[in-house]
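The values are calculated or read from the model by the stated rules, or taken from the named source; none is laboratory data. Remember, predicted model here, so these are calculated numbers, not experimental data. All Cβ positions, glycine included, derive from the backbone under ideal geometry; neighbour counts span all protein chains shown.
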Amino acid sequence: MMSPFASHEVLNQSPPFEDINLFSTDRALVEAVNREGGGFAVERLEAFGAACGSAAAFERGRLANEYPPRLRAFDTKGHRLDVVEFHPAYHECMAMSAAEGLHCSAWEHLAEGGGKTAPGVASGPAPGTNVARSAGCYLAIQMEAGHQCPITMTNAAVPTLLLQPEIAAEWLPRILKRDYDKNFQPANSKRAVTIGMGMTEKQGGTDVRANTTRAEPASRTGGPGTEYVITGHKWFMSAPMCDAFLVLAQAPGGLSCFLMPRFLPDGSVNALRFQRLKDKLGNRSNASSEVEFHGAHAWLIGEEGRGVPGIIEMVTGTRLDCAVASAGLMRVMLANAIHHCRHRTVFQRKLIDQPLMGQVLADLALDAEAATALAFRLARCFDRATDPHAAAWRRLMTPVTKYSICKMAPAFGYEAMECLGGNGYVEEGLAARIYREMPLNAIWEGSGNVMALDLLRVLQREPDTVAVVLEDLGAAAGGDSRLKAQLERVQRMLHEPRLLEQRGRALAEALATLAAGTILRAHAPAYVGDAYLATRLSGPSRQTYGQGLDTANTRAIVERAFPG
């Protein structure tokens, strides 16, 4: 019974989107994990999916963003502190992802005694390890996106550290712990550590060769593995409470890569002076800083002048995570939209039963499944380093996959938000927070133009790599006329070298659509694969979602994507 003072009852609102198993209710993800080699981890992923989709987890994500990190540069007496304080919810997210091994599970075969996540991990990385780890990241990003930055960087730092064996021997045992220690203290007294990165400077940005930060040998000789003194700045250094950072600086021999710890061997604090935290559009739970190095000490990774090849070892891993993360964000936006439309009644019908809305949701579901398929095909290639076909796919399709998925996500997020109307636009809901995250991955670790240029470098320098991938795509296209036509389009573009630089983006999109089409045609239900090929590779041009699906089985497509 309503109170006599109540003006209305709350009717026709969808229940909160929470207490949903983000793994088991995502059919495209479950199939991709099994298909690409991560089937051994399904039971664990089901448990993690339930944890990440719980009401408590989503509330943790809200709090971590509602109360963003705060820089404390000085104590009350004016002494330098240079520490960042986080809401407890952020630390809870970090502990949850670390316990799942999202920062280290791909490298546990390097630890003495091996890992415990899959058979064979003690003697080498188990097949599917990167697929399983990527699935965990895909789930964790839906709970809270910002904390995945240090998780990703720690995982991706390992190949760069391995370039300097004595440094790797010191730091890997601390990285390869499924634990999280938030305390600000020397690494050798912590249960586990995280690794960050500092590449860009205000005058150069992506053009890291324009960096002006200087590195001088602390001893007379210098050289790989030795100590240097670094003076300069970084315009973006994410996760400043990490225990060490991979940074670029100009050594006497050229741009070089260094490991810079927060604490020095004698236990004193290294001379990193944080100027301020970035006030970002999204990713607000994660601290990104501007920093000055006032004679900070760091240790050289590899030879002087080899900084870019050294740091690229890290960047390649972060680009995989960018693609996986954007696919995860697309999935949670779609699932939230479908959830709302199944409960909301408009004009005497459920929203999901309105023909226009059904087409929009189905169209979104096609892109979400394509993104998931592409991301996990790429993750599989990280598990098969000795397979020349996988190595070729990884080299060519890493920039293509990152470009395609990360570029697609913001427009996708807006359309999914519109499905909720005003309920999607207000900050109280999940959609607004996720939407603000979605541009980040297209910018971080290489914007769209940088990915297109990386693709062009492969075309120019590694023609054999391109030939292997195109041969595989040709075989996968089979007799499908639409896929064969798209392959021919790609080949025509490759035979016009004068125009390639201007067409780098178009080529990246064409390759991504071709690759996704081959995967969906082979492995998704026919109503998904046929609808994807009919709308992405043929038919009239499209500017917005919800077009060209007149003959598609939109109800079946949406039911497949339904989070329940």
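For segment 122-144, taking the residues that are more than 27 Å from Ala239 (Cβ to Cβ) and at pLDDT below 95, the one that is surrounded by the most Cβ atoms within 10 Å (Cβ to Cβ) is identified as Ala126. Restricting attention to segment 534-556, the residues being touching a Leu at 6+ places or on another chain (Cβ under 7 Å) and either assigned to a helix (DSSP H, G or I) or outside the structural domain of Asp367 (by TED's automatic domain parsing) (or both) number 1. Restrict the check to segment 56-65 and report whether at least one residue is of a type outside the set (S, T, N, Q) and under 30 Å from Pro127 (Cβ atoms). Yes, segment 56-65 contains a residue that is of a type outside the set (S, T, N, Q) and under 30 Å from Pro127 (Cβ atoms).
For beta carbons closer than 9 Å, sequence separation of 6+ or different chains, a first residue in segment 510-539 that is surrounded by fewer than 23 Cβ atoms within 10 Å (Cβ to Cβ) and a second that is of a type in the set (Val, Ile, Thr) and outside any helix (DSSP H, G or I), the qualifying pairs are Ala534/Thr551.
Across segment 126-148, the number of residues qualifying as closer than 18 Å to Ala64 by Cα and not aliphatic (A, V, I, L, M) comes to 6. Residues that are touching a helix residue (DSSP H, G or I) at 6+ places or on another chain (Cβ under 7 Å) and either surrounded by 19 or more Cβ atoms within 10 Å (Cβ to Cβ) or without any contact (Cβ under 8 Å) to a residue 40 or more places away in the chain (or both) within segment 202-234 comprise Gln203, Gly204, listed in sequence order.
Quick one: would you say Pro68 is touching a residue at least 24 places away in the same chain (Cβ under 8 Å), farther than 30 Å from Leu520 by Cα, loosely packed, with under 13 Cβ neighbours inside 10 Å and not hydrophobic (A, V, I, L, M, F, W, C)? Lay out the reasoning, then the answer.
Details: touching a residue at least 24 places away in the same chain (Cβ under 8 Å): yes; farther than 30 Å from Leu520 by Cα: yes; loosely packed, with under 13 Cβ neighbours inside 10 Å: no; not hydrophobic (A, V, I, L, M, F, W, C): yes.
So Pro68 does not fit the description; no.
Going residue by residue through segment 264-271, is there one that turns out to be in contact (Cβ under 8 Å) with a residue 40 or more places away in the chain and closer than 23 Å to Trp171 by Cβ?
Within segment 264-271, one or more residues are in contact (Cβ under 8 Å) with a residue 40 or more places away in the chain and closer than 23 Å to Trp171 by Cβ.
If a residue has to be touching an Asp or Glu at 6+ places or on another chain (Cβ under 6 Å) and either free of Cβ contacts under 8 Å to residues at least 12 places away in the same chain or assigned to a helix (DSSP H, G or I) (or both) to count, how many in segment 138-157 make the cut? Matching residues across segment 138-157 total 1.
For segment 468-488, a residue qualifies if it is among the hydrophobic types (A, V, I, L, M, F, W, C) and either surrounded by 12 or more Cβ atoms within 10 Å (Cβ to Cβ) or in contact with a helix residue (DSSP H, G or I) (Cβ under 8 Å, 6 or more places away or on another chain) (or both), and the qualifying residues are Val468, Val469, Leu470, Leu473, Ala476, Ala477, Leu483, Ala485, Leu487.
Inside segment 246-277, can you point out the residues that are more than 22 Å from Ala210 (Cα to Cα) and either more than 22 Å from the chain's Cα centre (by Cα) or part of a loop (DSSP other than H, G, I, E, B) (or both)?
First pass over segment 246-277, keeping only residues more than 22 Å from Ala210 (Cα to Cα): 261-271, 276-277.
Residues satisfying the conditions are Pro261, Arg262, Phe263, Leu264, Pro265, Asp266, Gly267, Ser268, Val269, Asn270, Ala271, Arg276.
Could you please find all residues in segment 372-414 being in contact (Cβ under 8 Å) with a residue 40 or more places away in the chain, acidic (Asp, Glu) and surrounded by fewer than 20 Cβ atoms within 10 Å (Cβ to Cβ)? Passing the criteria: none in range.
Tell me, please, whether a residue that is surrounded by fewer than 22 Cβ atoms within 10 Å (Cβ to Cβ), hydroxyl-bearing (Ser, Thr, Tyr) and more than 30 Å from Phe258 (Cα to Cα) can be found in segment 339-349. Looking for residues that are surrounded by fewer than 22 Cβ atoms within 10 Å (Cβ to Cβ), hydroxyl-bearing (Ser, Thr, Tyr) and more than 30 Å from Phe258 (Cα to Cα), one finds at least one in segment 339-349, hence yes.
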